[in-house]
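The values are calculated or read from the model by the stated rules, or taken from the named source; none is laboratory data. All values derive from a computational prediction rather than experimental measurement. So basically every Cβ, Gly included, is an ideal-geometry build from the backbone, and we count neighbours across all protein chains shown. Only protein heavy atoms, including side chains, enter the accessible area calculation; ligands, DNA and RNA are left aside. Shrake-Rupley method; radii C 1.70, N 1.55, O 1.52, S 1.80 Å.
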Amino acid sequence: MTGFPKTARVVVIGGGVVGVSLLYHLAKAGWTDCVLVEKNELTAGSTWHAAGNCPNFSASWAVMNMQRYSLAMYRTLADDVDYPMNYHVTGSLRLGHGKERMREFERVVGMGRYQGLEMDILSPAELRERHPFLETHDIAGGLWDPLDGDIDPAQLTQAMAKGARRLGARIERFCPATGVSREGGEWVVHTGKGDIRCEVVVNAAGYYAGRVGDWFLPFGGRRVPMTVMSHQYFLTEEIPEIAAWSTEMGRNLPLLRDVDSSWYLRQEKNGLNLGPYERNCKAHWVTPGDPMPDDFSFQLYPDDLDRLEWYIGDAMERVPLLGTAGVGRTINGPIPYAPDGLPMIGPMPGVRGAYEAHSFTFGIVQAGGAGKVLAEWITQGHTEWDMWAVDPRRFTAHADADFCLAKAVETYGHEYAMHFPHREWPAGRDRKLSALHDRLLAAGGQMGANNGWERANWFAAPGDVPPAAQGDDTSDAAMQTWARSGPWESRVRAECEAVRDSCGIIAISGFTRLNVKGTGAREFINGLTASAMPKPGRIGLAYFPDSRGRVVTEMSVIVHGEDEVGLIGAAMAQWHDAELLWKQAPEGLTVTDHTEAVECLLVTGPRARDILAGLSDHDLSLPWLTVQHAGQVAGVDCGLVRVSFAGELGWEIHCAPGDAPAIWDAVTAAGAVPFGMYALNSLRLEKGYRAWKGDLSTDYTLLESGLERFIKPDKPVDFPGKAALLAERKRGRSRGFVTLLVDAGDCDAPYMSTLWQGDTVVGETTSGGWGYRVGRSIALGMVRADLAVAGTVLEVEIFGEKCRAVVQPDCPLWDPDNVRIRA
Ligand SMILES: Cc1cc2nc3c(=O)[nH]c(=O)nc-3n(C[C@H](O)[C@H](O)[C@H](O)COP(=O)(O)OP(=O)(O)OC[C@H]3O[C@@H](n4cnc5c(N)ncnc54)[C@H](O)[C@@H]3O)c2cc1C
């Protein structure tokens, strides 16, 4: 095809490794009528200067999946497209300085094994066998990934470009996109060479994604939550010992990462390449005095090796050979950071027909997987693997520039940090405070952020700063463990016991609250969910499948009438759930978000009725799942919904945020004990209540997830996934959701721990924790269907240790007949 393309199905803006991979995958999926526009030469952004390291390792299941896919693809790419590349599969060593790090390694080895990877744990002596220049006297051990290595990023990009072109996709170089507009339901991408009309546009503009993202503001978009950091590595001159070793062995040294010291070191030709992630890191282009240039193609920041001094010294002690060589070349380049350091891959929040793939800190290793995932989003509307970890909708309005900067600096400086389950990171906090915030703090609340909302995780005893004699140790250091026990444990136990024996109160701020209004609102929702719509005056749990019958989301539904429905979802799901509705709402229906207009207090436990009776004029005799809109608690207007995620008698009080303190004060004065999110998590596990994006995800169908009773195929309206679910029911599900009681050691099973039967992998956990009412370690998980039978004995691999786990009957562990809830 000649001439500038005037139309295309998809226009990809940005010709870095990620944009090109997307084009390649679109073309492979048969979408060859696609155009990539690059303002300079391919790779001109971050790609050309990347070190090209390609690990499988990730603590995130989804990201590991992506990286694993990339590496498998890269190993055959040169042959697939006939484009030779420098790709050294050297293997890598990750050093562990202590017990907690070694546990992290054990966990990742386990996840990797499940994904078909053969990572291994090595002793210090074995580390030295693989890397003879390494000092290991103070090292606990390490992780070996035989498939890690380094690839030439420019060659990788060109290889995929060749593959894409060969299939018919177009690449327009030196063709800057300058804006977008909408015409007749299509996008028009304006470029320096002319306009291109298209159905779908993709922002893959690397560190320019913020600029490109701003073009979508008039179409419902948001400011891209990203910060540009500077990342440096330097190359040494040739080191004769390395040259000699390499010649003798016929291969390069394995890539080395000292993750506790925060640097990587690998062989580059016959020298070394050292790249630290320094605590004293630097963001660029964040102040008016340091504006982002219009064009930074193939440019670098000035060297700033002083910043790396400590890291260079540390690396020299670890590999003394490093100190023998002079510095050859330094690369200091822009690297984009999302607030959590993971990329943004998926639908562009708020905008129809637009997607994004940007903010990659490890874009070379992730490009292959990112291309696959985004091509699936675009061509099929869903992805093979659940990709919430990288979904752009995970950051909502609180992710403004200050938040992004604070988080980027924190994340970059802790790039290799362990993410312990009880550790809350300090940057970017206090974005959304409930009216109860001061009261929670005064009660000892140890806060955690969820979609920006500050919620109490647990309540510490007063005098909480060590070394105060009676106070709990709430220091950051005390939180850095994978173990169940810690300063929080006795408090969480007491909170659970209060809920079990008496009454607890918890503020669950930030529940997503959506309202659908207009003619046929009820029918509209009914046509999206597989579940029954509750009758007026009641609340019902509704599951929303995709066309494959997999779980997209779960929301509680309250029908106000034929023309108005209220929906309540997880706090994290705010933009995700809203989009599910507004993208499909027919003309005349409005979807509004009033998350910030309502506070939720859950009052629950056997004494809940007694406590509320003295404070409320609602009818407390109405049964489970009833909703009362009118009434007062403590003299203020509020709604009462008879549900309890804790699995005890209880009511959610829905009130105006400003009225919450009066209710809190009255209910606690009447004897309700504050409890936090850790206790709530424990309590819900005992009931087998699923959590969104752990137990409930697009990795599983509704049937696999054990949600049969929420599927109503006989209702008069059709719903997504109905045919798939009926077909699955007919042939029998291949996996089943189970509750397991685990003979755990000092750690409970984290998400995605492998389930074994003998030497066979038979499933995975989707969440786990201690149940204080049942006094056991619990795991929820997914197993081969024939094993989802009560009494089946399996093993769950927890940080490398296989622990006996027994499948429980298909009913809650606590109060199996729901007598307490219905009391
Ligand atoms: C020093 C350093 C070392 C690194 N080492 C590694 C590593 O070892 N392993 C790893 O995985 N990652 C590494 N990275 C990260 C990696 O470089 C990036 O994650 C990756 O290159 C991102 O690719 P991309 O395609 O998203 O963005 P980019 O490569 O920045 O591509 C975006 C493209 O969009 C183009 N563009 C922008 N605006 C427009 C417009 N308006 N119109 C048309 N085109 C436009 C740009 O010119 C650019 O070519 C490193 C980064 C740095 C800085």
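Could you tell me the calculated FRET efficiency between ARG166 and PHE219, based on Cβ-Cβ distance and R0 = 35 angstrom, to the nearest 0.05? Efficiency, rounded to the nearest 0.05: 0.55. Ranking ILE242, GLY381, SER502 by Cα position along the charge dipole of the chain, where only Lys, Arg, Asp and Glu carry charges on their C-beta atoms, puts GLY381 farthest toward the positive end. Given their separation in residues at 0.36 nm each and the Cα-Cα distance between them, TYR301 and ASP430 gain 43.1 nm when the chain is fully extended. Helix 240-249 axis versus longest C-alpha principal axis of the chain: approximately 80°, rounded to the nearest ten. In the chain, a dipole from Cβ-located charges (positive for Lys and Arg, negative for Asp and Glu) runs towards its positive end, and of MET316, LEU342, VAL212 it is VAL212 whose Cα lies farthest in that direction.
Taking all Cα pairs closer than 8 Å and separated by 6 or more residues, the relative contact order of the chain comes to 11 percent. Largest to smallest in accessible area, the residues VAL643, VAL565 fall in the order VAL643, VAL565 (1.4 Å probe, all protein chains included). Helix 153-167 axis versus longest C-alpha principal axis of the chain: approximately 80°, rounded to the nearest ten. The candidates MET102, MET387, arranged from most to least accessible area with a 1.4 Å probe in the full protein assembly, appear as MET102, MET387. SER556 contributes about 30 Å² of solvent-accessible surface, heavy atoms of the protein only, 1.4 Å probe. In the chain, the longest principal axis of the Cα atoms and the axis of helix 309-318 are about 80 degrees apart. Amide H contacts under 5 Å for LEU36: VAL12, ARG170, ILE171, GLU172, restricted to partners 5 or more places along the chain or on a different chain, H placed in the peptide plane at 1.01 Å from N.
The candidates SER181, SER509, arranged from most to least accessible area with a 1.4 Å probe in the full protein assembly, appear as SER181, SER509.
Charges were assigned to the Cβ only: +1 to each Lys and Arg, -1 to each Asp and Glu. The resulting dipole of the stretch 368-484 about its Cα centre is roughly 200 debye. Scanning the chain for cysteines with no neighbouring cysteine C-beta under 4.7 angstrom from their C-beta gives CYS34, CYS54, CYS175, CYS198, CYS281, CYS404, CYS496, CYS503, CYS600, CYS747, CYS803, CYS811.
In this simple spin-label model, placing a label point 7 Å from the Cα along the Cα-to-Cβ direction at both TRP624 and ASP610 gives a separation of 2.2 nm.
Between ARG493 and GLU238, full extension at 0.36 nm per residue minus the direct alpha carbon distance yields a gain of 85.9 nm. Using a probe of 1.4 Å on the protein chains alone, the accessible area found for CYS600 is around 0 Å². Partner lysines whose Cα lies under 24 Å from the Cα of LYS372, excluding those fewer than 8 positions away in the same chain, are identified as LYS28, LYS39, LYS162, LYS583, LYS693. Assuming charge only on the beta carbon of Lys and Arg (+1) and of Asp and Glu (-1), the dipole of the chain about its Cα centre is about 2080 debye to the nearest 20. Average accessible surface for the stretch 746-818: 37 Å² per residue, computed with a 1.4 Å probe over protein heavy atoms with every protein chain in place.
If the chain linking ASP402 and ARG709 were pulled fully straight, counting 0.36 nm for each residue of separation and taking away their Cα-Cα distance, it would gain 106.0 nm. Across the options TYR416, PHE719, THR592, the greatest Cα extent toward the positive end of the charge dipole of the chain (unit charges at beta carbon of Lys, Arg, Asp, Glu) belongs to PHE719. At the residue level, PHE403 shows approximately 20 square angstrom of accessible surface with a 1.4 angstrom probe and all protein chains present.
What does the net charge come to around SER181 if you take all other residues with beta carbon closer than 13 Å to its beta carbon, with K and R at +1 and D and E at -1? In short, -1. Computed about the Cα centre, the dipole magnitude for the stretch 89-241 is approximately 920 debye when only Lys and Arg (+1) and Asp and Glu (-1) carry charge, each at its Cβ.
How large a share of the accessible area of the chain, in percent, is made up of carbon and sulfur atoms when the probe is 1.4 Å and the other protein chains stay in place? The nonpolar share, carbon plus sulfur, comes to 51 percent.
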